[in-house]
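Step one of this worksheet: look at the structure below.
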Amino acid sequence: MNSQKNKQIEISKSPINMDYSELDTLLNSLLDLEELPHTIKYRSDKINYQRRNMKIIIIKALFRLICAELFYLTYIRKRIMKLKQSKDIYKSLKKSGCLKSLRTYLYLSKIGQTDLLRYLGGNFDDRKFANFATATTLYDASFDIPKCRKYLKDFDAIIMEDKTIESKDSFLALFNECVDYLRNTLDKKSFEIFANYIKIEHISQLMSIYQHSDKNISKEHLCKITFPKGGISLLALMHLMAPNMEKKQRIAIYEIGGVLQIIDDIKDIKEDLKSGIQTLPNQKLLDPTDMKKQFYGTVNNLMDKCGISQNRPNGTLDMLCWFADVILKRRYLIYIRQT
């Protein structure tokens, strides 16, 4: 990381009050500050990785799934129950499927990321992940759930102005508790980098509001919304557990996170369409063959930058490749053919 790390970008007004063009300019500045790319540049015809037998993958995944469920019950469920103090909020979170999504996110992360962290010089930390996942769920709810949108201005101030908003409200109190834990477990410099990543996440999330527009959004704009949102989400999480990873590794994590966000949008293709949310896949702005090449290219780049052997078994790559293959073949290709 270079000397720019000590610099801050001056913001004339709150991002929540910016229009799309202003958010886009700010996003570009934040990406440049962190030396992160604006586009996905890797393409390959195949993944240079020898996967294990599917039975072994499934057995290992089931074992990690059991571990993930125990982890959820131990570290997350009890804390989420605190939100019952605000009955309307808790009911809204549950009804919207937000808590179910948290559980799914937990399972996929716990099953698929542990091996990769070892190549980055880190280890999967249950408590850090629990706090990150819980805070992320509450933050996302402020965009997705009407009863939670009242918290969006608070999050805007907390993230962009580094403010601490003291509140007895159980929703904000739990969010502050999670952030305080992460701040106290990282050294000052590492937390500042993490905070800069979350600023990028926040700007891309604000830009994603425009996906609900009645007007067609261009492929370029949807890429600008989608890529940083997924890339930073993965990078921020991995940074918490491997803060000393090299710049080339950070970029590789960021790029594959961007591709996985697109694959996740493919998974939710029909649901997003029903909700009036425009995404790259449901607007048929992606060629299936090129999408597959993008995925292959970012996986190969990840292996190269992180020193992952092509022949050594790796649970992260096993699950990643299996998940992406299923989504691309059974969701996207079928959707394109049917429409």
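With Cβ to Cβ distances under 15 Å as the rule, what net charge do the other residues near ASN314 carry (K, R +1; D, E -1)? Once all neighbours under 15 Å are counted, the net charge is +4.
Rounded to 0.05, the FRET efficiency of the ILE59 and SER29 pair, given R0 = 56 Å and the Cβ-Cβ distance, is 0.75.
Counting Lys and Arg as +1 and Asp and Glu as -1 over every other residue whose Cβ lies under 11 Å from the Cβ of ARG250, the net charge comes to -1. Taking θ as phi - 60° and the Karplus parameters 6.51, -1.76 and 1.60, the scalar couplings of the range 283-298 work out to 9, 6, 9, 10, 7, x, 5, 5, 4, 5, 5, 4, 5, 4, x, 6 Hz in sequence order, x denoting glycine and proline. Amide hydrogen proximity for ILE145: with H placed 1.01 Å from N in the peptide plane, no residue at 5 or more positions away or on another chain lies under 5 Å.
Estimated from the Cβ-Cβ distance and a Förster radius of 22 angstrom, the FRET efficiency linking ARG77 and ASN244 is about 0.10. For THR137, neighbours were defined as the other residues whose beta-carbon sits under 14 Å from its Cβ, and their charges (Lys and Arg +1, Asp and Glu -1) total +2.
Shown here for the range 1-83: chymotrypsin sites (Phe, Trp or Tyr not before Pro) in loop regions (DSSP other than H, G, I, E, B) with at most 15 other Cβ atoms within 10 Å, of which there are none.
Shape class of the chain from the alpha-carbon gyration tensor: rounded, with the ratio a/c of largest to smallest axis under 1.5. Per residue of the chain, the DSSP helices (runs of n ≥ 4 H) give a summed -39500 (n - 2.57) that works out to -20500 deg cm²/dmol at 222 nm. Within the range 184-289, the trypsin sites (Lys or Arg not before Pro) that combine a DSSP coil assignment with at most 10 other C-beta atoms in a 10 angstrom radius are LYS215.
Quick one: of LYS95/LYS229; LYS55/LYS128; LYS163/LYS229; LYS100/LYS293; LYS128/LYS219, which pairs are farther than 28 Å apart, Cα to Cα? The answer is LYS55/LYS128; LYS100/LYS293; LYS128/LYS219. For the range 3-338, the relative contact order is 27 percent, taking Cα pairs closer than 8 Å that sit 6 or more residues apart in sequence and dividing their mean separation by the residue count. Rounded, prolate or oblate, given the Cα gyration tensor of the range 4-109, with a/c below 1.5 counting as rounded? The shape class here is oblate. Computed extension gain for TYR105 through SER213, at 0.36 nm per residue and net of the alpha carbon distance, reaches 36.2 nm.
Read the figures in this text as sums done on the coordinates, not as results from a lab. Nothing here was measured: the structure is a model prediction, and the numbers come from that model. Counting neighbours? That spans all protein chains shown, and the Cβs are built from the backbone with ideal geometry, glycine included.
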